[in-house]
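Engineer: Here it is: the structure, laid out below.
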Amino acid sequence: MSTTDFYELAIRCLTNEGTDHDWKELEKFLQKREYRQLYQKLASSFPSEEKNSPQYNLERSLNRLRSGISLDEKRVPTRKKGRIKVLLRGLVAASVAAVIALGTVKYHSGKEDIQSKSEKVAWLKKSAPAGQQVRVLLSDGTQVILNGNSQLRYASNYASQSVRKVFLSGEAFFTVKHNDKKEFEVVTGHVVTRDLGTRFNVEAYAEDSVITVALVDGAIDVSSPVARHLQLKPHQKLTYHASDNSQEVNSFNVAELTGWKDQLLIFHNKPLPVVLEKLSRHYGKPIVFHDSALNQIVLTTQFKQKSLNQVLEVLSYAVGVKFIDKGDSILAVKNNSDKKRNEN
């Protein structure tokens with residue numbers, strides 16, 4: 001994709017006309033420093049109160065221009081079409097140049113130093129390492145608790161956007177500061193969750209094909225490839241399965257699903273592999289097994305502020321499984337298994 005494509009994407013997003021696909025494409029560009037700097041210059045010329053103004057809606061004008069040219073092309077000899085395409089590229093470039101020029105004027109007219117503004121990062125990231133939790137307080141008062149191996153990403157001008165949008169990979173608990181004039185959105189791959197004043201939990205790890213959105217209280221609007229604008233009631237959970245593009249809504253136990261943020265792990269009739277996966281993420285150390293017989297073990301238990309060693313000691317006694325520390329991981333084996341075969 002060209003620089004012109006980048007400018008058109010950026011303008012669509014800055015004028016609130018960008019689709020989810022547009023945002024994803026823009027994110028690819030912003031991985032490069034030169035495009036981040038260009039985006040910062042563009043963003044500075046789109047004040048939040050003016051983003052929806054017709055004079056800033058350059059993309060709509062460009063679309064009208066393209067439509068007109070497409071119609072004209074049907075009546076123009078082939079030899080002239082190349083000149084029309086060159087003209088279109090020139091008009092796009094001219095529009096972009098005007099935006100940058102406007103931003104430059106605003107830089108110089110302000111009291112803040114232009115250099116410091118241009119160096120601001122377009123996207124902010126907060127990450128929780130494996131086995132840890134990180135609390136994030138957003139500038140509008142919204143509180144986020146990130147679970148281990150999770151990342152939250154949002155624009156540096158997040159609070160001034162007409163829609164407060166954050167991107168989540170992993171799991172997080174949100175306590176949103178409601179604003180009637182500005183929606184709050186959590187984007188997680190195929191699923192978008194919109195706050196209507198609430199507390200909710202979202203789990204969407206990149207390695208999983210399942211995304212869950214669980215409403216504790218208040219109201220949320222969830223959109224997925226299966227259904228748009230589905231409103232959940234308190235204590236309802238939406239589970240989306242990317243593998244077969246299906247979803248279901250059912251009730252859930254609040255303490256069991258959200259207890260992780262309070263160092264409380266609750267498992268009710270869960271297969272041992274599910275329990276071990278949760279423990280791996282919570283404590284940041286992989287727990288693996290090779291014996292398919294462990295799939296048949298189901299247990300109900302809970303742990304409150306326990307170390308991993310304490311948890312594994314209880315599990316070993318309760319279900320007859322031995323846990324062997326291999327350094328970078330833990331191997332789970334049945335007590336009556338051939339120890340040497342499993343350790344090698």
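The values are calculated or read from the model by the stated rules, or taken from the named source; none is laboratory data. Since we're looking at a predicted model, the values are computed, not measured. Cβ atoms come from the backbone with ideal geometry, glycine included; neighbour counts cover every protein chain shown. Each accessible area value is taken on the protein alone, full model and side chains, heavy atoms only, with ligands, DNA and RNA left out. Shrake-Rupley method; radii C 1.70, N 1.55, O 1.52, S 1.80 Å.
Engineer: Within the stretch 231-344, what whole-number % of the accessible surface is contributed by carbon and sulfur, with the 1.4 Å probe and all protein chains included in the calculation?
Structural biologist: Using a 1.4 Å probe with all protein chains present, the stretch 231-344 comes out at 46 percent carbon and sulfur.
Engineer: Calculate, for the stretch 138-277, the solvent-accessible area per residue in square angstrom, rolling a 1.4 angstrom probe over the heavy atoms of the protein chains.
Structural biologist: Result: 41 Å² per residue.
Engineer: Below 8 Å between Cα atoms, with a sequence gap of 6+, how large is the relative contact order for the stretch 206-326 in percent?
Structural biologist: After rounding, I find 17 percent.
Engineer: Local charge sum around residue 179 (other residues, Cβ-Cβ under 14 Å, Lys/Arg +1, Asp/Glu -1)?
Structural biologist: Taking every other residue near residue 179 into account, the sum is +1.
Engineer: Between the alpha-carbon centers of the stretch 183-254 and the stretch 150-175, tell me the distance in whole angstrom.
Structural biologist: If you average the Cα positions of each part, the centres end up 15 Å apart.
Engineer: Moving on to the next point. Give the calculated FRET efficiency between residue 292 and residue 151 to the nearest 0.05, with a Förster radius of 41 Å applied to their Cβ-Cβ distance. Before the final figure, lay out each step's value.
Structural biologist: Values: r = 33 Å, r/R0 = 0.81.
That pair, residue 292 with residue 151, gives E of 0.80.
Engineer: Label points 7 Å out from Cα along the Cβ direction at residue 246 and residue 274: separation in nm?
Structural biologist: 1.6
Engineer: Assuming 0.36 nm per residue, please report the length gained on full extension of the stretch residue 325 to residue 253 beyond their Cα-Cα distance.
Structural biologist: Contour length minus Cα-Cα distance gives 22.7 nm.
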